[in-house]
Amino acid sequence: MAKMRAVQVPQAGGPLELVERDIPEPGPGTVRIKVQACGICHSDTVTKDGLFPGIHYPRVPGHEVIGLVDAVGADVRGWSAGQRVGVGWHGGNCGYCDTCRRGNAFACETETLVTGVTSDGGYADYMIAPSSALARVPGDLSAVEAAPLMCAGVTTFNALRNSGARPGETVAILGLGGLGHLGVQFAAKAGFKTVAIARGADKAPLARQLGAHHYIDNAAEDPAAALQKLGGAKAILATATSAEAMNSVQGGLAPTGALMVIGAVDRLTVDALNLIFGSRSIKGWYSGTSIDSQETLAFSALTGVRSMNEVFPLVRAAEAYERMTSGGARFRVVLTTGN
């Protein structure tokens, strides 16, 4: 049987190890993907550290996958060998439960499928994915350009377009890291008056390079007061993984504005009166389903949104993962297979 390379976690908390495996065969409703690139996301710690219950090891992480359909299983419609596809965090859904039928496939009641968590992901030469998890990839995005858009990209783009803000209104991006540097681009390209918020005056040039119209250094001034001087933000996209930072910007929302939380923090302190008297809201947002990923890719190709990436070959996956967890990467880390 033909072999492939894969980087697996042998048990919760174990090391990333490069192994040789049999190339898997697609079953009913699934396709085999020849992986070209796979982003390394902080959420890969879920698999690496065993943060979800019931993960079966050994497991191959990776949910920012771009590749080519290599083989198609039975009962698959609309997909064929040779197509460029992407797979993100959302690993498929049943399509028949009440939640799916309401159009909320991300909260599928019968299957909690997460690429690289409940099934093997993209740190490998090949992987299997349900056809419901596939997104089409535009020809003018390279595999490396497209990979981070399958999680970091769709999370920021999808949250922005569901925030209630309209083109021309003020949108703030809290944080200028792996998510935030994409959020600023999406907001500016979508026609929002874009404000970037981060720590340090040294980040202002990057913020403006990415398309921000204003920059707020939250180490030097009160970001909520600064936003109110600009008329208040219709939406604030909270990408920073700091509850203190999120708390500090809530007062910067305009009436009916929304704080869109996509950075994971333990708990927030909420000023209930500020919410009540301004009809403001705080809302979490799930990354997105396959069609959301596909629309993120299409928008990025159309408008020139691109992730800033550091690229490593698959054989250096352990080193690349450490680069990501160190916080030193600028801004996303992507593995390539050479396929």
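What the table below lists for this structure:
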| read-out | value |
| --- | --- |
| Pairs of Lys in the chain closer than 20 Å at Cα, counting only those 8 or more apart or on different chains | 7 |
| Whole-number D in µm² s⁻¹ for the chain, Kirkwood Cα-pair radius fed into Stokes-Einstein, 20 °C, 1.002 mPa s | 105 µm²/s |
| Order by protection proxy (mean Cβ within 10 Å, highest first), peptides 199-207, 153-161 | 153-161, 199-207 |
| Per-bin percent of Cα-Cα distances, the range 286-331 [10 Å] | 23, 32, 40, 5 |
| Descending semi-axes in Å of the range 176-335, equivalent ellipsoid built from Cα gyration tensor | 28, 18, 17 |
| With all protein chains modelled, accessible area of S119 [1.4 Å, Å²] | 40 Å² |
| Under-5 Å amide H pairs with T110, H placed in peptide plane, nonlocal only | C94 |
| Built amide H within the under 5 Å cut-off of N339, gap 5+ | none |
| Ranked packing of 328-335, 224-231, most packed first, by mean Cβ within 10 Å | 328-335, 224-231 |
| Kyte-Doolittle mean at least 0.0 and Cα axial length at least 15 Å: DSSP H helices in the chain | 290-303 |
| Cα-based equivalent ellipsoid, the range 99-161: semi-axes from gyration tensor eigenvalues, Å | 22, 18, 11 |
| GNM top mover of S242, S307, S326 - the chain, alpha-carbon springs below 10 Å | S326 |
| Counting all C-alpha pairs of the range 240-290, share separated by more than 14 Å (%) | 51 percent |
| Sequence-distant residues sharing a close amide H with R59 (under 5 Å, placed H) | V9 |
| Dimensions in Å of the range 12-83 - Rg and Dmax from alpha carbons | 14.3, 39 |
| Rounded to whole Å, sorted largest first: equivalent-ellipsoid semi-axes of the range 56-143, Cα gyration tensor | 21, 17, 12 |
| Relative contact order computed over the range 1-114 (Cα-Cα under 8 Å; 6+ residues apart), in percent | 22 percent |
| Cα extents of the range 1-129 along the three principal axes, largest first (Å) | 41, 33, 23 |
| For the range 205-290: span of alpha carbons on each principal axis (Å, largest first) | 37, 34, 22 |
| Cα-only Debye scattering, the range 245-339: base-10 log of I(q)/I(0) at q = 0.16, 0.20, 0.22, 0.23 Å⁻¹ | -0.95, -1.08, -1.11, -1.13 |
| Burial order of peptide ranges 46-59, 89-102 (average beta-carbon count within 10 Å, highest first) | 89-102, 46-59 |
| For the range 92-208, average projected area of the Cα convex hull in nm² | 9.7 nm² |
| DSSP-defined antiparallel bridges as percent of all bridges, the chain, nearest 5 | 55 percent |
| The range 91-235: relative contact order as a whole-number percent, Cα under 8 Å and 6+ apart | 16 percent |
| P(r) weight above 14 Å for the range 145-194, C-alpha pairs, percent | 44 percent |
| In sequence order, calculated HN-Hα J values of the range 125-136 (Karplus, 6.51, -1.76, 1.60; Hz; x Gly/Pro) | 6, 9, 8, 10, 9, x, 4, 5, 9, 8, 10, 6 |
| Contact order normalised by residue count of the range 29-93, Cα under 8 Å, 6+ apart, percent | 39 percent |
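The values are calculated or read from the model by the stated rules, or taken from the named source; none is laboratory data. Just so you know, these numbers come straight off a predicted model, no measurement behind them. No Cβ is skipped: glycine too gets one built from the backbone with ideal geometry, and neighbour counts run over all protein chains shown. Note: accessible area is taken over every heavy atom of the protein model, side chains too, but ligands, DNA and RNA are not part of it. Shrake-Rupley method; radii C 1.70, N 1.55, O 1.52, S 1.80 Å.
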